[in-house]
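The values are calculated or read from the model by the stated rules, or taken from the named source; none is laboratory data. All values derive from a computational prediction rather than experimental measurement. Because the Cβ atoms are built from the backbone with ideal geometry, glycine has one as well, and the counts that use them run over all protein chains shown. Ligands, DNA and RNA are excluded from the accessible area calculation, which covers all protein heavy atoms including side chains. Shrake-Rupley method; radii C 1.70, N 1.55, O 1.52, S 1.80 Å.
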Amino acid sequence: MTPATPPLTRTKSGVLRNAVMISLGGLAFGLIAAVLAQKLDPHVYIAEDVERTLGFAPMAQLPDFNEVSEGVAEEYVLRLASAVEHGASRAI
């Protein structure tokens, strides 16, 4: 038996490459998890969620009444009432 000889050159450890690969993999899995959570969430957040659930676009969108003036709130409610009345007259 002959004794082992030390290597002639230094070998690369690959720690930086492994850290980058693990970081990219974690980022990809996190992004996939976020997209899946959004797609599987049954709550309605935006008009697109209403359209996807009902199959048609919402007829009106109401603002947060605590953030707008009374005149603006009345205008939005009147527009909603008009849209409901118009939809009801077309359905008859």
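Note that the chain presents 95 Å² accessible area per residue, ligands and nucleic acids not counted, probe 1.4 Å. Here, P(r) means the percent of Cα pairs in each 10 Å bin from 0 to the largest distance; for the chain it is 12, 19, 19, 14, 11, 8, 6, 5, 4, 2, 0. Couplings 3J(HN,Hα) for the stretch 24-35, derived from phi with the Karplus relation 6.51 cos²θ - 1.76 cosθ + 1.60 (θ = phi - 60°), are 5, x, x, 5, 5, 5, x, 5, 4, 5, 5, 5 Hz, where x marks Gly and Pro.
For V44, nonlocal amide neighbours, meaning residues 5 or more places apart or on other chains whose placed amide H falls under 5 Å from its own, do not occur. About its Cα centre, the dipole of the chain is roughly 1200 debye, where the only charges are +1 on Lys and Arg Cβ and -1 on Asp and Glu Cβ. Got a number for carbon plus sulfur as a percent of the chain's accessible area, 1.4 Å probe? Of the solvent-accessible surface of the chain, carbon and sulfur hold 64 percent.
The peptide list 16-26, 33-43, put in order of mean Cβ contacts within 10 Å with the highest first, becomes 16-26, 33-43.
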